[in-house]
Amino acid sequence: MAALSSTTCRSISYSLTPSSSSSSSSLSINGQNHHQRLNFSSCIAKRVLPAKVSFHSRRNFHLNVVLMQDGAVTTPVTPVENETPFKKLKDGLLSSVPSTEEIKEAASFDVNEEESTVSITVVGASGDLAKKKIFPALFALYYEGCLPEHFTIFGYARSKMTDAELRNMVSRTLTCRIDKRENCDEKMDQFLKRCFYHSGQYGSQENFAELDKKLKEHEGGRVSNRLFYLSIPPNIFIDAVKCTSSSASSSIGWTRVIVEKPFGRDSDSSAALTKALKQYLDEDQIFRIDHYLGKELVENLSVLRFSNLIFEPLWSRQYIRNVQLIFSEDFGTEGRGGYFDNYGIIRDIMQNHLLQILALFAMETPVSLDAEDIRNEKVKVLRSMRPLQLEDVVVGQYKSHIKGGVTYPAYTDDNTVPKGSLTPTFAAAALFIDNARWDGVPFLMKAGKALHNKSAEIRVQFRHVPGNLYNRNFGTDLDRATNELVIRVQPDEAIYLKINNKVPGLGMRLDRSNLHLHYAARYSKEIPDAYERLLLDAIEGERRLFIRSDELDAAWALFTPVLKELEEKKIIPEYYPYGSRGPVGAHYLAARYKVRWGDLGIEQ
């Protein structure tokens, strides 16, 4: 669900059509004119009216006021006979919906722009993720005018630190947009003045109660909406959530919690984590973040498919021969091997990042762009997939390698990694979706560390042209004549389509060329970091790019059996040199399905 924007950086269009809340106790309150449309331009909304204003504090009653993306308003009230018609809003733009006064009377909640504030607490503020990603993303949002007028940022961690020390730590990681550097120092100072710190234990209700007191001081009696970002190890998620819910949640606004992966290690641990979270939070308060879903090219995936007529008819087994999802890093664990060794590349990358991209790629057309409609279609894809089999998986681990006189370490040379570890740093897998659209099409995943380059891309290889008149011009290698759509997620974002064309001249010589959209060349504006988009979505209550619990269940159901088999049988990974293209076994896996990895060709 989208909210009325609290920002000046998004333009939102709303259609006033009937809608219903996902809550079984909600009643849709719809006016008579269901098709009136309002356009809220980027200059309009300097206020916070969240998508779902929830009184979720366990210390208070539970009441919702919901503004659906399509404009309908829902409140969890009991239907009443002969309900009084709603008055028109004073501005005359919107008819037959509750007025501000009526909403206020129903929920004891004032949506006046001067009476709302957002408090963002980064739990684990002294960690690398907070310093390198979260605080810079929040500053970027502020710099672009995307945060509400009234907001406060608190860091919370066990480390002893003053407000000034936090600001000094944060300031070292902040950068300004390339196109607006002239007022950078001024903006940075203004932002840092909104940043504060509170030291405490993650499992201490007393410490969180102290945080709550400080938050209230800065909220100044306004309606408080609170966002907590858990940038902490998963083993202390529940303690922090319990304390947040009981001691620091908002009493008259919404409270939302962003949870970082990993969401468990398998189906059982993931289900246990979800069950524990839901003891203290409702599902719509939990924002499970996968930062890859916030990347520009992943966000553009559905736009490319559903808004371009030429692609949607081709998006099926009839024309697509295989789909490849490739992730590679050109560095190893770099001292964080202790964490990585507990999860491995399959849990760290494939089960979440790549599988989420696959679901977005393969889903059917959703009913609307509403978060629940999109997530429903993703779940259908995941539930249609075959459980992964061991014979369709190749695992590898990088070994020491000398190149250019430089010695690169093996995975087990990392002091934080147990000696003799069999944890894979590389994996390739073939997955299948058993539905009418994708039956028989291999979806090949490949992810690894310490490879020859850093990249993430989606490659769509189309079928050979039947009865191709120009086969003799390509010789026996028909793959050279295959059209391929490449979506390069990172780095140097681009979308290009490989086509065949005639080389100018008197002879008949064919060549392969790219129809190329290079983002850096086409758009002068810097591409926002994924965390910026996802943090803004969480503030606005937009859940489309966050993972729902049933999505998580379906994803783990695919990978848990093969993960257990790998560990129980102690499968030895195939070793590959640091900086290479990975294990040879990945090529045999692709060849079994008559596929050649697209990233290994001369043309990239």
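Select from segment 244-267 the residues that are modelled with pLDDT of 90 or more and under 15 Å from the mean Cα position of the chain (by Cα) and list them in ascending order.
Across segment 244-267, the qualifying residues are V257, I258, V259.
Can you tell me which residues in segment 310-342 are at pLDDT 90 or above and farther than 22 Å from R488 by Cβ?
S316, R317, Q318
Collect the residues in segment 113-141 that are of a type in the set (D, E) and either without any contact (Cβ under 8 Å) to a residue 24 or more places away in the chain or not in a helix (DSSP H, G or I) (or both), keeping them in residue-number order.
Answer for segment 113-141, where residues must be of a type in the set (D, E) and either without any contact (Cβ under 8 Å) to a residue 24 or more places away in the chain or not in a helix (DSSP H, G or I) (or both): just D128.
Does E260 satisfy the criteria of being open to solvent by 10 Å² or more (accessible area, probe 1.4 Å) and free of Cβ contacts under 8 Å to residues at least 24 places away in the same chain?
Criteria not met by E260.
Is it true that some residue in segment 380-399 is within 24 Å of G598 (Cα to Cα), open to solvent by 70 Å² or more (accessible area, probe 1.4 Å) and in contact with a Pro (Cβ under 9 Å, 6 or more places away or on another chain)?
Yes: segment 380-399 contains one or more residues that are within 24 Å of G598 (Cα to Cα), open to solvent by 70 Å² or more (accessible area, probe 1.4 Å) and in contact with a Pro (Cβ under 9 Å, 6 or more places away or on another chain).
Could you grab me the full set of residues in segment 277-306 that are part of a helix (DSSP H, G or I), at pLDDT 90 or above and either open to solvent by less than 20 Å² (accessible area, probe 1.4 Å) or touching a Gly at 6+ places or on another chain (Cβ under 6 Å) (or both)?
The answer is L277, Q285.
Looking only at segment 171-179, decide whether some residue is hydrophobic (A, V, I, L, M, F, W, C), under 24 Å from the mean Cα position of the chain (by Cα) and in a helix (DSSP H, G or I).
no
Quick check: anything in segment 168-178 at pLDDT 85 or above and farther than 19 Å from K132 by Cα?
No, segment 168-178 contains no residue that is at pLDDT 85 or above and farther than 19 Å from K132 by Cα.
Of all residues in segment 142-164, which are touching a residue at least 60 places away in the same chain (Cβ under 8 Å), over 22 Å from the mean Cα position of the chain (by Cα) and within 20 Å of A125 (Cα to Cα)?
The answer is T152, F154.
Return the residues of segment 263-273 that are open to solvent by less than 20 Å² (accessible area, probe 1.4 Å) and among the small types (G, A, S); say none if nothing qualifies.
Answer for segment 263-273, where residues must be open to solvent by less than 20 Å² (accessible area, probe 1.4 Å) and among the small types (G, A, S): G264, S270.
Considering only helices (runs of 4 or more DSSP H) fully contained in segment 505-604, which possess at least 3 residues that are touching a residue at least 60 places away in the same chain (Cβ under 8 Å) and closer than 26 Å to G344 by Cβ?
Qualifying helices (runs of 4 or more DSSP H): 530-540, 549-568, 585-592.
Read through the list (1) in contact (Cβ under 8 Å) with a residue 12 or more places away in the chain; (2) within 25 Å of I289 (Cα to Cα), then give the number of the only condition that A209 fails.
All conditions pass for A209, except number (2).
Would you pick out the residues in segment 350-373 that are assigned to a helix (DSSP H, G or I), of a type in the set (A, V, I, L, M, F, W, C) and open to solvent by less than 10 Å² (accessible area, probe 1.4 Å)?
Hits for segment 350-373 are M350, L354, L355, I357, L358, A359, F361, A362, A371.
Which ones in segment 210-223 are modelled with pLDDT under 90 and either open to solvent by 10 Å² or more (accessible area, probe 1.4 Å) or outside any helix (DSSP H, G or I) (or both)?
G220, G221, R222, V223
With L227, L325 as the choices, which residue is closer than 26 Å to D529 by Cα and surrounded by fewer than 23 Cβ atoms within 10 Å (Cβ to Cβ)?
L227
Of the conditions (1) among the hydrophobic types (A, V, I, L, M, F, W, C); (2) in a loop (DSSP other than H, G, I, E, B); (3) within 27 Å of A137 (Cβ to Cβ), L309 clears all except one; give me its number.
Answer for L309: the failing condition is (3).
Can you confirm whether V417 is open to solvent by less than 20 Å² (accessible area, probe 1.4 Å) and not charged (D, E, K, R)?
yes
Considering only residues that are among the charged types (D, E, K, R) and over 11 Å from I252 (Cα atoms), which ones fall in segment 214-229?
Correct list: K214, K216, E217, E219.
Determine which single condition G203 fails, assuming it passes every other condition in (1) surrounded by 14 or more Cβ atoms within 10 Å (Cβ to Cβ); (2) part of a loop (DSSP other than H, G, I, E, B).
Evaluating G203 over (1) surrounded by 14 or more Cβ atoms within 10 Å (Cβ to Cβ); (2) part of a loop (DSSP other than H, G, I, E, B) leaves (1) as the failure.
Here is a yes/no grid of residues against (1) touching a Lys or Arg at 6+ places or on another chain (Cβ under 8 Å); (2) at pLDDT below 80; (3) surrounded by 15 or more Cβ atoms within 10 Å (Cβ to Cβ):
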| site | (1), (2), (3) |
| --- | --- |
| A450 | no, no, yes |
| N483 | yes, no, yes |
| P491 | yes, no, no |
| K498 | yes, no, yes |
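The values are calculated or read from the model by the stated rules, or taken from the named source; none is laboratory data. Remember, it's a predicted structure, so these values are computed and weren't measured experimentally. As a convention, Cβ positions derive from the backbone with ideal geometry for all residues, glycine included, and neighbour counts pool all protein chains shown. Ligands, DNA and RNA are excluded from the accessible area calculation, which covers all protein heavy atoms including side chains. Shrake-Rupley method; radii C 1.70, N 1.55, O 1.52, S 1.80 Å.
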